[in-house]
Amino acid sequence: MERGEASFPGLSLFRGSSQERLFACLSVTARILSVAECYDSAVSTRPHRAALSPEEALQMLRGGSGTLFDPEVARLFTAAAPTH
């Protein structure tokens, strides 16, 4: 296997069809929960930081689309999420 660019978690070791197979193996539920948990964490106040606004959190998800998050799940989530 060739080492590729770092991208969606776990894919940095794969390119081409191996990468596609790994995407297919990841649970859809896990991909959805990854985006939802990140958004929830971002808009929640934590002891070490203030909460982000919903729009800031959505922008963060858009920025991680394809690298941190499944791009289709991130796109659907950001399209459906309220910004207020």
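Which of the residues belonging to the range 59-71 are of a type outside the set (A, V, I, L, M), surrounded by 13 or more Cβ atoms within 10 Å (Cβ to Cβ) and either part of a helix (DSSP H, G or I) or more than 9 Å from the chain's Cα centre (by Cα) (or both)?
Step one: filter the range 59-71 for residues of a type outside the set (A, V, I, L, M), giving 59, 62-67, 69-71.
Next, only the ones that are surrounded by 13 or more Cβ atoms within 10 Å (Cβ to Cβ) stay: 59, 62, 64-67, 69-71.
Within the range 59-71, Gln59, Arg62, Gly64, Pro71 meet the criteria.
Which residues, taken from the range 40-58, are within 14 Å of Pro82 (Cβ to Cβ) and either touching a residue at least 12 places away in the same chain (Cβ under 8 Å) or surrounded by 15 or more Cβ atoms within 10 Å (Cβ to Cβ) (or both)?
If the condition is that a residue be within 14 Å of Pro82 (Cβ to Cβ) and either touching a residue at least 12 places away in the same chain (Cβ under 8 Å) or surrounded by 15 or more Cβ atoms within 10 Å (Cβ to Cβ) (or both), then Val43, Pro54, Glu55, Glu56, Ala57, Leu58 are the ones that fit.
Conditions: (1) exposed (fewer than 15 other Cβ atoms within 10 Å of the Cβ); (2) more than 9 Å from the chain's Cα centre (by Cα); (3) at pLDDT 95 or above. Ala30 meets all but one. Number of the miss?
Of everything listed in (1) exposed (fewer than 15 other Cβ atoms within 10 Å of the Cβ); (2) more than 9 Å from the chain's Cα centre (by Cα); (3) at pLDDT 95 or above, Ala30 misses just condition (3).
The values are calculated or read from the model by the stated rules, or taken from the named source; none is laboratory data. Everything numeric in this text was worked out from a predicted model, so none of it was measured. As a convention, Cβ positions derive from the backbone with ideal geometry for all residues, glycine included, and neighbour counts pool all protein chains shown.
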